[in-house]
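Working notes, structure below.
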Amino acid sequence: ARIAFAERDFAGAEAATRRALSARSLAPARLLLAELHLTRHQPNEALQQLDTLAGRSEYSAEVALLRGLALRELGSPQDAENDALRARELDPLEPRTHVLLAELRLARGNPGGAVAPAKRAQALSPTEGRISLLLARVYLWLRDAPRTRAAYRRAKSAEHPASAELRAAFEAEAKARNMSLEDTTPPPPPSAPETQASPPEALPSSKGPQ
């Protein structure tokens with residue numbers, strides 16, 4: 001099922017997952033099915049799978065994270081943030097949780113509250129340009145031009161750079177907010193050329209001719 005999901009054969013992944021569920025109620029199978037529903041923008045169906053795990057021994061950071069993603073798509077940002085915070089408590093090293101927190105807070109007009117989770121996500125996934133682009137958006141909303149430009153440069157030069165589509169959307173947003181993404185810091189003035197000091201002139205002798 002995981003192989004089919006990775007190959008974007010969602011129908012095959014769902015069929016294999018349901019076979020696993022019919023054989024035994026496995027938490028991994030329900031998690032994968034929830035991911036499939038989210039990929040298809042079916043948050044209610046995803047929640048049905050996840051709610052069977054909530055409050056049981058199978059409850060995990062992954063369950064809380066996927067619940068947060070589903071609740072965000074259903075238009076419940078506060079409930080989504082509560083699940084994201086629970087996911088962070090269970091697994092503070094999962095970058096997707098910090099990304100979700102930053103995106104939720106930014107969407108609710110709280111860029112200041114999005115700085116810490118966005119920076120943490122970038123620290124956990126320094127090769128992912130899309131996360132650097134998220135941090136650039138946070139700084140853009142804060143009108144912090146130097147940090148916006150630095151994060152945007154990192155998003156383009158990362159080992160896995162942000163996609164052209166995401167960069168184009170960000171550039172349009174920066175333009176709408178009247179922020180140039182070009183580095184406008186003037187170069188330092190050229191240093192003055194060093195001049196070689198002339199040797200001191202010899203003072204005339206005070207003695208008369210011998």
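Give Pro111, Pro117, Pro95, Pro126 a once-over and let me know the one that is in contact with a His (Cβ under 7 Å, 6 or more places away or on another chain) and not hydroxyl-bearing (Ser, Thr, Tyr). Let's see the steps before the verdict.
Values: Pro111 fails: in contact with a His (Cβ under 7 Å, 6 or more places away or on another chain); Pro95 fails: in contact with a His (Cβ under 7 Å, 6 or more places away or on another chain); Pro126 fails: in contact with a His (Cβ under 7 Å, 6 or more places away or on another chain).
The match here is Pro117.
Looking at this structure, is Gly75 under 19 Å from the mean Cα position of the chain (by Cα) and either of a type in the set (A, V, I, L, M) or within 25 Å of Leu134 (Cβ to Cβ) (or both)? Before you say what the answer is, go through the steps one by one.
Details: under 19 Å from the mean Cα position of the chain (by Cα): no; either of a type in the set (A, V, I, L, M) or within 25 Å of Leu134 (Cβ to Cβ) (or both): yes.
Considered against the rule, which asks whether it is under 19 Å from the mean Cα position of the chain (by Cα) and either of a type in the set (A, V, I, L, M) or within 25 Å of Leu134 (Cβ to Cβ) (or both), Gly75 comes out as no.
Do we find a residue being open to solvent by less than 80 Å² (accessible area, probe 1.4 Å), in contact with a Gly (Cβ under 9 Å, 6 or more places away or on another chain), under 30 Å from Gln78 (Cα atoms) and at pLDDT 95 or above anywhere in segment 171-189?
Looking for residues that are open to solvent by less than 80 Å² (accessible area, probe 1.4 Å), in contact with a Gly (Cβ under 9 Å, 6 or more places away or on another chain), under 30 Å from Gln78 (Cα atoms) and at pLDDT 95 or above, one finds none in segment 171-189, hence no.
Taking the stated definitions as given, is Lys119 open to solvent by 40 Å² or more (accessible area, probe 1.4 Å), under 15 Å from the mean Cα position of the chain (by Cα) and within 30 Å of Asn82 (Cβ to Cβ)? Quick ask: steps written out before the conclusion?
Details: open to solvent by 40 Å² or more (accessible area, probe 1.4 Å): yes; under 15 Å from the mean Cα position of the chain (by Cα): yes; within 30 Å of Asn82 (Cβ to Cβ): yes.
Here the answer is yes, as Lys119 does meet what is asked.
For segment 122-145, which positions are open to solvent by 40 Å² or more (accessible area, probe 1.4 Å), in a helix (DSSP H, G or I) and touching a residue at least 24 places away in the same chain (Cβ under 8 Å)? Before you say what the answer is, go through the steps one by one.
Our first condition is that a residue be open to solvent by 40 Å² or more (accessible area, probe 1.4 Å); within segment 122-145, this holds for 123-124, 126-128, 130, 137, 141-143.
Then keep just the ones that are in a helix (DSSP H, G or I); that gives 123-124, 130, 137, 141.
Answer for segment 122-145, where residues must be open to solvent by 40 Å² or more (accessible area, probe 1.4 Å), in a helix (DSSP H, G or I) and touching a residue at least 24 places away in the same chain (Cβ under 8 Å): Leu124, Arg130, Arg137, Trp141.
Restricting attention to segment 122-144, which residues are over 20 Å from Glu81 (Cβ atoms) and in contact with a helix residue (DSSP H, G or I) (Cβ under 8 Å, 6 or more places away or on another chain)? Please lay out each step first, then the result.
We begin by selecting, within segment 122-144, every residue over 20 Å from Glu81 (Cβ atoms); these are 123, 125-130, 132-133, 136, 139-140, 143-144.
Ser125, Glu128, Gly129, Arg130, Ser132, Leu133, Ala136, Tyr139, Leu140 - these are the residues of segment 122-144 that are over 20 Å from Glu81 (Cβ atoms) and in contact with a helix residue (DSSP H, G or I) (Cβ under 8 Å, 6 or more places away or on another chain).
Since Asn110 meets every condition but one in (1) crowded, with 17+ Cβ neighbours inside 10 Å; (2) of a type outside the set (A, V, I, L, M, F, W, C); (3) within 18 Å of Arg143 (Cα to Cα), which condition does it not meet?
In the conditions (1) crowded, with 17+ Cβ neighbours inside 10 Å; (2) of a type outside the set (A, V, I, L, M, F, W, C); (3) within 18 Å of Arg143 (Cα to Cα), Asn110 misses (1) alone.
With (1) in contact with a Phe, Trp or Tyr (Cβ under 8 Å, 6 or more places away or on another chain); (2) at pLDDT 95 or above as the list, and Asp79 as the residue in question, which single condition is left unmet?
(1)
Give me the pairs, please: first residue somewhere in segment 28-54 and under 15 Å from Ala64 (Cβ atoms) and open to solvent by 10 Å² or more (accessible area, probe 1.4 Å), second residue anywhere and polar (S, T, N, Q) and modelled with pLDDT under 90, beta-carbon distance under 9 Å, and either six or more positions apart or on two chains.
Listed pairs, sorted by first residue: Arg30/Thr17; Arg30/Gln49; Arg30/Thr52; Leu31/Gln49; Leu31/Ser60; Thr52/Ser25.
The values are calculated or read from the model by the stated rules, or taken from the named source; none is laboratory data. Everything numeric in this text was worked out from a predicted model, so none of it was measured. Counting neighbours? That spans all protein chains shown, and the Cβs are built from the backbone with ideal geometry, glycine included. These accessible areas exclude ligands, DNA and RNA; they are computed on the full protein's heavy atoms, side chains included. Shrake-Rupley method; radii C 1.70, N 1.55, O 1.52, S 1.80 Å.
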